[in-house]
1. What residue, among those in segment 164-179 that are open to solvent by 70 Å² or more (accessible area, probe 1.4 Å) and in contact with a helix residue (DSSP H, G or I) (Cβ under 8 Å, 6 or more places away or on another chain), is nearest to Pro19 (Cα to Cα)?
2. Kindly establish whether Leu55 is part of a helix (DSSP H, G or I), touching a Ser or Thr at 6+ places or on another chain (Cβ under 7 Å), of a type in the set (A, V, I, L, M, F, W, C) and modelled with pLDDT under 90.
3. Which residue is farthest from Tyr182 (Cα to Cα), if the candidates are limited to segment 37-78 and must be free of Cβ contacts under 8 Å to residues at least 12 places away in the same chain and under 16 Å from the mean Cα position of the chain (by Cα)?
4. Counting only residues that are over 16 Å from Leu100 (Cβ atoms) and of a type in the set (Lys, Arg), which one in segment 122-158 is least open to solvent (accessible area, probe 1.4 Å)?
5. Could you figure out which of (1) modelled with pLDDT of 90 or more; (2) open to solvent by 40 Å² or more (accessible area, probe 1.4 Å); (3) out of contact with any His (no Cβ under 8 Å at 6 or more places or on another chain) isn't true of His97?
Amino acid sequence: MLPPGETVFLTFRLHGTVPAATARELQAELRQSQEAGVEHRRAQKQFFARFDAVLDRRPIGPQYFENEKMAEVLAGEIMMLEETGFVVHGFAILPNHAHLVLHLPARSGLALAKALDLLHLRTDQLCRRLVRPKLPPEAKFWQTGWFEYVIEDEAELGRIVAYVRANAANAGLPERFREWPYVSE
């Protein structure tokens, strides 16, 4: 759980966007790195780089956020986090996942996990209305959980926000994803 006063980099994705076997392989590589004595933060960064590459370069599963109405729903919910006390430093919505850089002020009454659970719940409900009947009621919209990385300092914050803003271009997405309003300025 993220303590108040921290800034975090988050990635969450649509259900079915990473094959289960690939997810298990990535988790096993993370465990092996940690068992081999690789420093925790470095192991986390390596894990994320491999995981994000899978999301960016091997698109499988739903790509719901190619639909601008659905991306707009998610962007709106992300910006609503500011009304609950979070500071949104940056975000990017890609076809199958989203990156978000958030700061939880020391005097916030809402825990990060609760805020993200609510974001998932609200976007699930609103986006399902837009994809009916493509998504049966029993099908999951979001993959459970998210990748969370605590940012240590201002320099790291700057690097991560730049990464988030450039992610669509670096992933080789079409020009419209580099220019659309679902990447923060």
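1. First pass over segment 164-179, keeping only residues open to solvent by 70 Å² or more (accessible area, probe 1.4 Å): 165, 170, 174-176, 178-179.
Applying the additional criterion that residues be in contact with a helix residue (DSSP H, G or I) (Cβ under 8 Å, 6 or more places away or on another chain) yields 170, 178.
Values: Asn170: 22, Arg178: 26 Å.
Taking the candidates together, the pick is Asn170.
2. On the way: part of a helix (DSSP H, G or I): yes; touching a Ser or Thr at 6+ places or on another chain (Cβ under 7 Å): yes; of a type in the set (A, V, I, L, M, F, W, C): yes; modelled with pLDDT under 90: yes.
So Leu55 fits the description; yes.
3. Ala49
4. Selected residue: Arg128.
5. (2)
The values are calculated or read from the model by the stated rules, or taken from the named source; none is laboratory data. Quick caveat: nothing in here was measured; it's all calculated off a predicted structure. Note: ideal-geometry Cβ built from the backbone for every residue, glycine included; neighbour counts use all protein chains shown. These accessible areas exclude ligands, DNA and RNA; they are computed on the full protein's heavy atoms, side chains included. Shrake-Rupley method; radii C 1.70, N 1.55, O 1.52, S 1.80 Å.
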